[in-house]
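Structure first, commentary second.
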Amino acid sequence: MKHLFLIAISLLLFSCSGKPKTENKQEVSARGDRVEVIYFHGKQRCVTCRAIEQLTNEVLEATFRNQIDKGAVVYKVIDISDPQNEAITDKYEVTWSSLYINGWKGGKETVNNMTEFSFANAKGSPDIFKEGIKNKINELLK
């Protein structure tokens, strides 16, 4: 019993001794001012989840293609079930399908969780969804 207790304590100590999560501040500022559109999803997606991704793609391609090509707008699709994406899902505390539109200016991030807006409008009011996404990106590009 004593050995099991020691093994359990050892495992606990080793699991907590990993490197702390830090972000290289120079790397962030080197990427410059930009807008990041980040769509998080799991393996199984509902109709609304798929609509959010599709409509976001449509807005970005139709309205922001030049800014994407210049790096002023960055689009990321993140599978939250992939262990490689654990750091970014932890950063935004994402546990299910979500949409974030974040602005970076002078190395500082402004986080905008658009998930509630997206689920309220993507399926039933796609034009309102598209307009809201377009407006938020334009606001952050200023």
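Since every read-out is calculated from the coordinates, none of them should be taken as a lab result. Keep in mind that what you see is a predicted model, and the values were worked out from it rather than measured. Methodologically, a virtual Cβ is constructed for each residue, glycine included, from the backbone with ideal geometry; neighbour enumeration extends over all protein chains shown.
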> Which percent, to the nearest 5, of DSSP beta bridges fully inside segment 30-141 are antiparallel?
Replying inline: 60 percent
> What is the list of residues in segment 101-142 whose amide nitrogen lies under 12 Å from a point 7 angstrom out from the Cα of ALA62, following Cα to Cβ?
Replying inline: 126-134
> Residue by residue through segment 104-119, which ³J(HN,Hα) values in whole Hz follow from phi under the Karplus form 6.51 cos²θ - 1.76 cosθ + 1.60 (θ = phi - 60°), with glycine and proline marked x?
Replying inline: 10, 9, x, x, 10, 9, 10, 8, 10, 7, 9, 4, 4, 4, 5, 5
